[in-house]
Structures are given as C-alpha cells and as structure tokens.
C-alpha cells in the first residue's frame, strides 16, 4: 500500500473512534449521515469490507419537475392555440390579421386561466393614479421604475396594478401523459 492509502495506525483509529463517538452522541445530523453504514459491511473477494457510499436517487427529468407548467401550457395550446400564436412570425401580417388571430387566442387562453387560476391586483388604485410606496415595501409585489432615488416613502404614478395569484386549481397531471408533448400533430384522414 502507498502512504496515501495506508490504513490508519491503531492509535489513530482509537482517536477517530473517540471523536466520532462524541459527534454521534451530540450531533444528530452527523449520526443520521452514518445510518447507511450501520449494517454489516459487504465483503470483497479478498475478504476485506467493501464500504459503499449511500446511493443517491437520480433527479427527476425536467419535464417531471415542471409538470404543472407544461400541463398548463398544453391546455393553453389546446383551447387558445397559444404556442402556435407565439411561434408565428407576425411581422408579415397586417394589424387586422394579427388582431383577428389575437381574439381567438385571447378567448381560449382566458377560458383556461379563469377555469384554473384566480387573480387579484397587487394595488387596487386605478392605473394612472398617484400612489405612495411606503418604507419596507415588498419588492416582489412592487417594482419602482423611472427616477428612483432616495429612501421610501416614494410617490409616483401607478403604471400597472400588478397581479397576485389568489387561487390555483390545476388538475392532477396524468401519470401516463408525455409532458414534453404540448400539442400532438393533427392528421386529417380523407
């Protein structure tokens, strides 16, 4: 054995046992990490114990992590052709053509949003009103724009009242569903 892989001496092992004994006794998190090693060690063909690190579960694929978002996107596509609309290059279409398409997309997407989500404005004042943003405001709910200087309270014009979700009622994502498929190809048979 090389010095780097040599087994610790007897006295080094006694010292380690002493230190680990008290760590296990007084640090529950450390003891928890050692639980996988509690069972008798497996043996190599040479008779030496084979110490194996605990196996970690593989992280779920991205489509499983983001299942509800992909499912919502597929519903927006099914009802409002949302993905078709945003994937289309609308620069070559007239404003009237884009507007007509937007009405169809808006109607279908609005149906899905109203069915599964509830929203309320962050600020209830009408857009264009003068509002005061107090000290200690929640930067997740209110974004300051324009000439931001000094300490709050700030006075400014409300440009958008913001939205906060007050209810989410998405259906359970079917286990058998391939979440990567936002919309299946459609083939009309004649």
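Residues of region 83-119 that are in contact (Cβ under 8 Å) with a residue 40 or more places away in the chain, over 15 Å from residue 73 (Cβ atoms) and surrounded by 13 or more Cβ atoms within 10 Å (Cβ to Cβ): 119 alone. Just to be sure, is residue 69 within 23 Å of the chain's Cα centre (by Cα), closer than 30 Å to residue 182 by Cβ and assigned to a helix (DSSP H, G or I)? Answer is yes for this residue. So is residue 145 assigned to a loop (DSSP other than H, G, I, E, B), more than 15 Å from residue 165 (Cβ to Cβ) and assigned by TED's automatic domain parsing to the domain that holds residue 81 or not? So residue 145 fails the test.
Looking at 106, 160, just one residue is assigned to a loop (DSSP other than H, G, I, E, B) and in the same structural domain as residue 67 (by TED's automatic domain parsing), and that residue is 160. Regarding region 122-134, can at least one residue be identified that is under 30 Å from residue 78 (Cβ atoms) and either in contact with a strand residue (DSSP E or B) (Cβ under 7 Å, 6 or more places away or on another chain) or in the same structural domain as residue 73 (by TED's automatic domain parsing) (or both)? For region 122-134, residues under 30 Å from residue 78 (Cβ atoms) and either in contact with a strand residue (DSSP E or B) (Cβ under 7 Å, 6 or more places away or on another chain) or in the same structural domain as residue 73 (by TED's automatic domain parsing) (or both): present. Does at least one position in region 122-139 carry a residue that is in a strand (DSSP E or B) and in contact (Cβ under 8 Å) with a residue 24 or more places away in the chain? The answer is yes; a qualifying residue exists.
The values are calculated or read from the model by the stated rules, or taken from the named source; none is laboratory data. Remember, it's a predicted structure, so these values are computed and weren't measured experimentally. Ideal geometry is used to build each Cβ from the backbone, glycine not excepted, and the neighbour counts take in all protein chains shown.
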